[in-house]
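**Q** My questions will all concern the structure given below.
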Amino acid sequence: MTTTVETPHGVDPTPTPLALLLLGRQADPNSERGVECPGDLPAASDPDLVERARAAKAALGDRVFILGHHYQRDEVIEFADVTGDSFKLARDAAARPEAEYIVFCGVHFMAESADILTTDAQQVVLPDLAAGCSMADMATAEQVAECWDVLTEAGIADVTVPVSYMNSSADIKAFTGKHGGTICTSSNAKRALEWAFEQGQKVLFLPDQHLGRNTAVLDLGLSLDDCVLYNPHKPNGGLTAEQLRDAKMILWRGHCSVHGRFSLDSVNEVRERIPGVTVLVHPECKHEVVTAADMVGSTEYIIKALDAAEPGSKWAIGTELNLVRRLAKAHPDKEIVFLDRAVCFCSTMNRIDLPHLVWALESLVEGRVPNVITVDPETEKYAKAALDRMLALP
């Protein structure tokens, strides 16, 4: 069992040795298969690095623009020019064409999106190339191409519109654009699906099954029976041609390794422990968790909900721990706790620590551009087409 230390206003995320088991040394048997946190938390930063980061950023001036995703550590967020979710940050980068270097403190697919949306004169830097995304990695270009062949053989590809979550690789975004589909975020998934069903009869939703299912059932009024789960590791996705023809939502078997670990037990336990608590979760959580919660919404929705909450209110938040901890500190007049008792950071986000950020900034000062993320022109063309369709949604 993993333990955390609770404070009056949230969770102290200092990991115990047992907590670190969830960060690379074992899987949680109570989570869905594949939900774990690989890798240890980065070591505490040398205090001297703070001054080095300030000096390097000052030396670069307007030549550098630092983006910080909400799930980053506080020591990184301190140096971000803007914070936000993945798409907001990519758009913010595109709005700063005078910046030669975009240092993206996030994960790989986010840096790809920034490269797609920024000019050719700008270079996007990811401080640690190991900062990937387990969800995005659950759908490869080869697997999705094979899936499309299966849909073609079933006679439904021409009436199926792909909708891909922002949390996907540039290759998957390009596939989506090439086949007439659109990208969505957790905040506009309903609009994206409505648009898709206006274009065709079925949707292939990539790569997060939970966001697709929750949006289809809770926002569009479809039934769970209208959804089938395509498993890329099984022949024909583990589905018959008849199942594919009968379905309206073909969900890819992917999930977020952080949000996927929240369970119905987590919701029930926190309600018993904190009477009167409001449970607010991200739509990447499992369907039974979302339906048991009081509120559901994107990262930006969660932040706005807590900003507007009444003093003295009690909240259990089902999203990444760095953000929950930051919200608890920002709202000491409210009781804000992490939904699950087990400490589980987004381990790949946490790879972007202060040492990596300082190394990237000092490299730029010295005239070296490290870890440049570049999307090839063909992929960029079709990925941008999919992103542009999202931007054009009413």
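The values are calculated or read from the model by the stated rules, or taken from the named source; none is laboratory data. Quantities reported herein were computed from a predicted structural model and do not represent experimental measurements. Quick reminder, even Gly has a Cβ in these numbers, built from the backbone with ideal geometry, and neighbours come from all protein chains shown. Accessible surface areas use protein heavy atoms only, side chains included; no ligands, DNA or RNA. Shrake-Rupley method; radii C 1.70, N 1.55, O 1.52, S 1.80 Å.
**Q** Filter the range 162-177 for residues that are under 20 Å from ASP149 (Cα atoms) and part of a strand (DSSP E or B) and give the result.
**A** Those that are under 20 Å from ASP149 (Cα atoms) and part of a strand (DSSP E or B): PRO162, VAL163, SER164.
**Q** Within the range 310-333, which residues are assigned to a loop (DSSP other than H, G, I, E, B) and either out of contact with any strand residue (DSSP E or B) (no Cβ under 8 Å at 6 or more places or on another chain) or open to solvent by 10 Å² or more (accessible area, probe 1.4 Å) (or both)?
**A** Within the range 310-333, GLU310, PRO311, GLY312, SER313, GLU320, HIS331, PRO332, ASP333 meet the criteria.
**Q** A further question on this structure: Identify, by number, the condition in (1) touching a Lys or Arg at 6+ places or on another chain (Cβ under 8 Å); (2) at pLDDT below 95; (3) of a type in the set (Gly, Ala, Ser) that GLY84 doesn't meet.
**A** Unmet for GLY84, out of (1) touching a Lys or Arg at 6+ places or on another chain (Cβ under 8 Å); (2) at pLDDT below 95; (3) of a type in the set (Gly, Ala, Ser): (1).
**Q** Within the set of pairs 6+ apart or on separate chains, which have a first residue in the range 55-75 that is closer than 12 Å to LEU364 by Cα and among the charged types (D, E, K, R), a second that is part of a loop (DSSP other than H, G, I, E, B) and open to solvent by 40 Å² or more (accessible area, probe 1.4 Å), and C-beta atoms under 7 Å apart?
**A** ARG63/GLU100
**Q** Still on this structure, please answer the following. What are the residues in the range 343-366 that are open to solvent by 60 Å² or more (accessible area, probe 1.4 Å) and either outside any helix (DSSP H, G or I) or free of Cβ contacts under 8 Å to residues at least 40 places away in the same chain (or both), if any?
**A** Once the filter is applied, which keeps residues that are open to solvent by 60 Å² or more (accessible area, probe 1.4 Å) and either outside any helix (DSSP H, G or I) or free of Cβ contacts under 8 Å to residues at least 40 places away in the same chain (or both), the range 343-366 yields only GLU366.
**Q** Keeping to the range 267-289, report how many residues are out of contact with any Phe, Trp or Tyr (no Cβ under 7 Å at 6 or more places or on another chain) and hydrophobic (A, V, I, L, M, F, W, C).
**A** Here the count works out to 4.
**Q** Go through the range 115-132 and give me each residue that's crowded, with 23+ Cβ neighbours inside 10 Å and within 15 Å of the chain's Cα centre (by Cα).
**A** ALA131
**Q** If you don't mind, there's one more thing I want to ask. Could you please find all residues in the range 230-255 being outside any loop (DSSP other than H, G, I, E, B), open to solvent by less than 60 Å² (accessible area, probe 1.4 Å) and either without any contact (Cβ under 8 Å) to a residue 24 or more places away in the chain or aliphatic (A, V, I, L, M) (or both)?
**A** Residues satisfying the conditions are GLY238, ALA241, LEU244, MET249, ILE250, LEU251.
**Q** Quick check on LYS304: is it outside any loop (DSSP other than H, G, I, E, B) and surrounded by fewer than 16 Cβ atoms within 10 Å (Cβ to Cβ)?
**A** Values: outside any loop (DSSP other than H, G, I, E, B): yes; surrounded by fewer than 16 Cβ atoms within 10 Å (Cβ to Cβ): yes.
It is true that LYS304 is outside any loop (DSSP other than H, G, I, E, B) and surrounded by fewer than 16 Cβ atoms within 10 Å (Cβ to Cβ).
**Q** Kindly check whether there is at least one residue in the range 266-273 that is outside any helix (DSSP H, G or I), modelled with pLDDT of 95 or more and not aromatic (Phe, Trp, Tyr).
**A** Within the range 266-273 (the criterion being outside any helix (DSSP H, G or I), modelled with pLDDT of 95 or more and not aromatic (Phe, Trp, Tyr)), the answer is no, since none of the residues qualifies.
**Q** For the range 178-227, enumerate the residues that are part of a helix (DSSP H, G or I) and of a type in the set (Ser, Thr, Tyr). Walk me through how you get there before you give the answer.
**A** In the first step, residues of the range 178-227 are kept if they are part of a helix (DSSP H, G or I); the result is 178, 189-199, 209-219, 224-226.
Listed by number, the list holds a single entry, THR215.
**Q** Of the residues LEU126, LEU151, only one is at pLDDT 95 or above, touching a strand residue (DSSP E or B) at 6+ places or on another chain (Cβ under 7 Å) and closer than 28 Å to ARG245 by Cβ; which?
**A** Values: LEU126 fails: closer than 28 Å to ARG245 by Cβ.
After applying the criteria, what remains is LEU151.
**Q** Search the range 133-154 for residues that are more than 26 Å from GLU320 (Cβ to Cβ) and open to solvent by 10 Å² or more (accessible area, probe 1.4 Å) and pair each with any residue that is polar (S, T, N, Q) and at pLDDT 95 or above when their beta-carbon atoms are under 7 Å apart and the residues are at least 6 apart or on different chains.
**A** VAL150/ASN236
**Q** Same structure again: Looking at (1) over 17 Å from the mean Cα position of the chain (by Cα); (2) open to solvent by less than 10 Å² (accessible area, probe 1.4 Å), which one does GLY68 not meet, given that it meets all the others?
**A** Failed condition: (1).
**Q** Restricting the range 189-221 to residues that are open to solvent by 30 Å² or more (accessible area, probe 1.4 Å) and among the basic types (Lys, Arg), which is farthest from GLY260 (Cα to Cα)?
**A** Ranking the qualifying residues of the range 189-221, first place goes to ARG191.
**Q** Right, here's the next one. Which members of the range 102-114 meet the condition of being more than 18 Å from the chain's Cα centre (by Cα) and open to solvent by 20 Å² or more (accessible area, probe 1.4 Å)?
**A** none
**Q** For ALA80, only one of the following conditions fails: (1) open to solvent by 40 Å² or more (accessible area, probe 1.4 Å); (2) without any contact (Cβ under 8 Å) to a residue 60 or more places away in the chain. What is its number?
**A** Single failed check for ALA80: (1).
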